[in-house]
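In what follows, a single structure is set out as structure tokens and then discussed.
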Amino acid sequence: MVVLSAPASEASSGQVATGRRGWRRFLLPVTYAYVAALIAVAVSLSVMTDSMQNKIVLHASTNLHNLLRGHFGTLFSSALVIGDNSAALVIIPLLVSLLALAELRFGAWQVIRIFLAGHIGATLLVALGLWVAVEAGWLPVDITRAEDVGISYGALALIGAFFALLPHRWRPTWAITWLAVAVAGVVMGRTFTNVGHLLAVSIGLLAGFWALRIRGLALPKLTWFETGLLIVASALGYLLLVG
């Protein structure tokens, strides 16, 4: 379970926002570092042959074949590969807005925790389900070698956690809407990735709920700029779920 705990200096106010003002608010190391890494990987893949690209993507994939052979490093490397370079041109700009809002509001370490909880948690739950399905003969063995890379699980967990940023009256709507869209994605796509998306959103919502109800998290009202970031982040979430 992810805990969004406030720093000691902010405990009295119940806020986890960094409190920085002016240009210092936009010193967002996690956002910049992660996006730079995604761009570097995307550019590197774009200059390779198709066969080499496929080899690297499969090597970085968190598919059942890799995980059962102890390649647990793929739990991290898979989050650095978007796979489709054309999709990266759309996803990366939208992802900047999502990460920036999360880091502005939750702080760097909390962004990392929520992202990894969604990415790794959903990946392992999906892998468990696939293992059971393959062992039972419900799915072909070939599915254990499928490509499974991308930022979607971690990103959707952050979107779920934005539940904690909204006014009380809008939180049920946020949770129900994203769960409904994720379920629609499962019904339409019928892939294990769609199931992973639903799990990731659920993990993020649980993180937000935990922060509010158990840790007593309190955050100031979103600014107009942050509201704009939330709208763009929501567009990314919709694209990932049903795009």
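The values are calculated or read from the model by the stated rules, or taken from the named source; none is laboratory data. Computed from a predicted model, the values in this text were never measured in an experiment. Heads up, the Cβs are rebuilt from the backbone with ideal geometry, glycines too, and the neighbour counts pull from every protein chain shown. To get the accessible areas, we keep the full protein, side chains included, count just its heavy atoms, and leave off ligands, DNA and RNA. Shrake-Rupley method; radii C 1.70, N 1.55, O 1.52, S 1.80 Å.
How large a share of the accessible area of the range 27-242, in percent, is made up of carbon and sulfur atoms when the probe is 1.4 Å and the other protein chains stay in place?
After summing per-atom areas, the C and S share lands at 71 percent.
Only Lys, Arg, Asp and Glu count, each charged at its Cβ (+1, +1, -1, -1), so figure out the dipole size of the range 27-242 about its Cα centre, rounded to 20 debye.
Computed charge dipole of the range 27-242: roughly 680 debye.
Among [x] 18.1, 58; [y] 17.6, 63; [z] 17.7, 53, which is the computed Rg and Dmax of the Cα atoms in Å?
The calculated read-out lines up with [x].
How much net charge surrounds Leu130 when only other residues with a Cβ under 12 Å from its Cβ are counted (Lys, Arg +1; Asp, Glu -1)? If you can, show how the numbers build up before the last one.
Values: positive: Arg145; negative: Glu135, Asp142, Asp148.
Surrounding charge for Leu130 is -2.
Compare Asp84, Asp142, Asp148 by solvent-accessible area with a 1.4 Å probe and give them largest first, with all protein chains kept in place.
Sorted descending by solvent-accessible area, the residues read Asp142, Asp84, Asp148.
Percent relative contact order of the range 165-243, based on C-alpha pairs within less than 8 angstrom and at least six residues apart?
46
Given a cut-off of under 8 Å on Cα pairs at least six residues apart, what relative contact order in percent is computed for the range 116-229?
37
Given a 10 angstrom Cα cut-off, can you work out which residue in Ala40, Ala211, Ala164 is the most mobile in a GNM of the chain?
Ala40
If a helix is a whole DSSP H run, which ones in the chain reach 20 Å or further along their own axis (Cα) and hold a mean Kyte-Doolittle hydropathy of at least 0.5?
Helix filter hits for the chain: 29-46, 85-106, 108-135, 171-189, 192-213, 224-242.
Quick check on the chain: helices-only [θ] at 222 nm, where DSSP H runs of length 4 and up contribute -39,500 (n - 2.57) each and the sum goes over total residues. Nearest 500, please.
Numbers: 10 runs with 158 residues, N = 243.
For the chain, the value works out to -21500 deg cm²/dmol.
Using DSSP loop states and a limit of at most 11 other Cβ atoms within 10 Å to flag trypsin sites (Lys or Arg not before Pro), what is the longest stretch of the chain containing no flagged site?
Answer from the scan: 70-189.
Ignoring ligands and nucleic acids, what accessible area does Glu147 show with a 1.4 Å probe (Å², nearest 10)?
Glu147 exposes around 100 Å² with every protein chain in place.
So what is the relative contact order for the range 27-242, in percent, with contacts set as C-alpha pairs under 8 Å and at least six apart?
Details: 280 pairs, mean separation 56.1, N = 216.
So the answer I get is 26 percent.
Where only protein heavy atoms count, and the probe is 1.4 Å, what is the accessible area per residue for the range 37-118 in Å²?
46
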